[in-house]
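Colleague: Sharing a structure, written as structure tokens. Questions coming.
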Amino acid sequence: MSRGPLKRWRERGSQTIAVSLPFPDIMEVALALLSLSPDELRALEWSFADRKRLLDHFLQSGKEAQTLDRDKLDQALLRLRLPLRDVHRLKRFARRHLPKAASNATVIERLSRVLEATSPDKPSWNKTVDT
């Protein structure tokens, strides 16, 4: 028996949020996600699959970055398309663990500002938030 489209939609996190961040910020957050130990994952109440799914979203933006000119890559805004449940996980990560791992405080501020702007109170099927 196959799962219906509504059930699949709920399982992957329902609503999709598009978040635009500069390429260096995306790389900084991805490296911080990779540096999480199993104990830190447990403290966030994440599984390895949760982290892998988040990193897959970051990988998709990296594929988009390959099409850009290297000289303009530092200024390029790349779009992450995240299910709402992963946005909530990323918010928790940005508050608890990113300050320990990030080398630049502005990365934390930009990510937190963009993620806070993705309030689920605003009715929209496909939100887009830019830095």
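Colleague: Rank-order 39-47, 53-61 by packing density, defined as the average count of other C-beta atoms within 10 Å over each peptide's residues, highest first.
Modeller: Ranking the peptides 39-47, 53-61 by packing returns 53-61, 39-47.
Colleague: Run down the aspartates and glutamates and flag those whose C-alpha is under 19 Å from the C-alpha of LYS100, throwing out any fewer than 8 positions away in its chain.
Modeller: Result set, ordered by chain and number: ASP25, GLU28, ASP39, GLU40, GLU45, GLU109.
Colleague: Would you please give the FRET efficiency between ASP71 and ARG42, computed as 1/(1 + (r/R0)^6) with r the Cβ-Cβ distance and R0 = 30 Å, to the nearest 0.05?
Modeller: Given R0 = 30 Å and the Cβ-Cβ separation, E is 0.10.
Colleague: In the neighborhood of ASN104, defined by Cβ-to-Cβ distances under 11 Å, what is the net charge if each Lys or Arg adds +1 and each Asp or Glu adds -1?
Modeller: -2
Colleague: Residue by residue through the stretch 30-40, which ³J(HN,Hα) values in whole Hz follow from phi under the Karplus form 6.51 cos²θ - 1.76 cosθ + 1.60 (θ = phi - 60°), with glycine and proline marked x?
Modeller: Residue by residue, the stretch 30-40 yields 4, 5, 5, 5, 5, 7, 5, 7, x, 5, 5 Hz.
Colleague: Separation of the stretch 53-82 and the stretch 19-40 by C-alpha centroid, Å?
Modeller: 13 Å
Coordinate-derived values only; no laboratory data. This structure is a prediction, so every number in the text was calculated from the model and none was measured. Cβ: placed from backbone, ideal geometry, glycine included. Neighbour counts: every protein chain shown.
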